[in-house]
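Student: Structure provided below as structure tokens; questions to follow.
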Amino acid sequence: MGQCGITSSKTVLVFLNLIFWAAAGILCYVGAYVFITYDDYDHFFEDVYTLIPAVVIIAVGALLFIIGLIGCCATIRESRCGLATFVIILLLVFVTEVVVVVLGYIYRAKVEDEVNKSIRTVYNEYNGTNTDAPSRAIDYVQRQLHCCGIHDYSDWKYTRWFNESRNNSVPLSCCKPNVNNCTGSMLRPGDLYAEGCEALVVKKLKEIMMYVIWAALTFAAIQMLGMLCACVVLCRRRRDPAYELLVTGGTYA
């Protein structure tokens with residue numbers, strides 16, 4: 001029974017190390033996705049520290065690749081030093097992912113306040129040109145999220161761009177895609193997106209932060225299983241150094 005448990009632990013551990021390599025790629029993808037999305041919405045943020053969870057999760061992803069390599073070699077060779085190093089690094093990464101989860105929840109709670117503070121300023125800086133960053137950001141958000149204005153299209157009446165243009169219209173990015181010859185005129189509200197952008201931007205950014213949180217939680221659970229299997233192998237080897245190796249058939253350590 002003891003030998004069966006050891007073999008099972010080693011087999012699971014090798015399999016988990018392969019998962020760590022896959023996890024490294026997934027975590028780096030999630031972190032990069034947050035960075036790309038932040039670049040699209042950064043004008044609605046004043047606090048750049050909202051990127052901290054993404055930075056940490058990319059670093060964890062890179063580290064997981066190295067951990068997977070160390071874990072595979074240590075498990076196959078059943079190196080006591082290698083397995084101990086493997087467990088210690090996993091523990092450190094596990095703590096880091098717990099920190100990511102905590103920071104994710106903190107910044108997720110701050111998203112709404114950040115957007116509320118900055119969105120009116122961004123809309124007031126709109127000038128309708130593609131060369132202006134705030135203008136590009138607003139047009140992008142309105143097209144992608146199918147929204148218009150802060151709370152609805154009428155909010156454009158209070159912007160500097162609306163007062164200067166004096167044509168009683170909103171930007172063309174407010175036009176529904178299935179409407180032909182839309183000019184953005186407020187006299188035809190049916191041509192325009194009805195929902196405001198503020199609530200949708202907050203919802204989108206909170207969803208992205210949840211991706212980070214769930215990714216960190218999922219791989220933290222996998223790492224706990226990896227630490228448990230490594231500890232089983234280490235404890236068995238310490239008590240009885242003469243047991244069958246995983247890859248050498250009948251050769252004893």
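The values are calculated or read from the model by the stated rules, or taken from the named source; none is laboratory data. Please read these numbers as outputs of a predicted model, since none were measured by experiment. When we count neighbours, we look across all protein chains shown, and the Cβ atoms used for this are built from the backbone with ideal geometry, even at glycine. To get the accessible areas, we keep the full protein, side chains included, count just its heavy atoms, and leave off ligands, DNA and RNA. Shrake-Rupley method; radii C 1.70, N 1.55, O 1.52, S 1.80 Å.
Student: Keeping the other protein chains in place, figure out the carbon and sulfur percent of the accessible area of segment 110-156, with a 1.4 Å probe.
Tutor: Answer for segment 110-156 is 42 percent, counting heavy atoms of protein chains only.
Student: Binning at 10 Å from 0, report for segment 132-237 what percent of all alpha-carbon pair distances ends up in each bin.
Tutor: 13, 32, 18, 10, 9, 8, 6, 2, 0
Student: Given a 1.4 angstrom probe, what's the average accessible area per residue across segment 171-210, in square angstrom?
Tutor: Result: 50 Å² of accessible area for each residue.
Student: Moving to a separate point now. Which order do peptides 80-89, 221-230 fall in by mean Cβ count within 10 Å, highest first?
Tutor: Ranked from most to least packed, the peptides come out as 221-230, 80-89.
Student: Among 57-65, 210-218, how do they line up by average Cβ neighbours within 10 Å per residue, starting with the highest?
Tutor: Top to bottom by mean Cβ count within 10 Å: 57-65, 210-218.
Student: Over the Cα atoms of segment 78-170, what Rg and Dmax result, in angstrom?
Tutor: Taking only Cα atoms of segment 78-170, I get Rg and Dmax of 23.2, 76 Å.
Student: Something else: Once the principal axes of the Cα atoms of segment 183-226 are found, what is the range along each, listed largest first in whole angstroms?
Tutor: On the principal axes, segment 183-226 reaches 63, 13, 11 Å in Cα extent.
Student: Figure the gain on full extension for residue 152 and residue 164 (residue separation times 0.36 nm, minus the Cα-Cα span) and round it to one decimal in nm.
Tutor: 2.3 nm
Student: Given R₀ = 41 Å, what would the calculated FRET efficiency be for residue 231 paired with residue 113, taking r from the Cβ atoms and rounding to 0.05?
Tutor: Rounded to the nearest 0.05, the efficiency is 0.40.
Student: By the scheme Lys and Arg +1, Asp and Glu -1, what is the net charge of all other residues having a beta-carbon under 15 Å from that of residue 167?
Tutor: Summing Lys and Arg as +1 and Asp and Glu as -1 gives +2.
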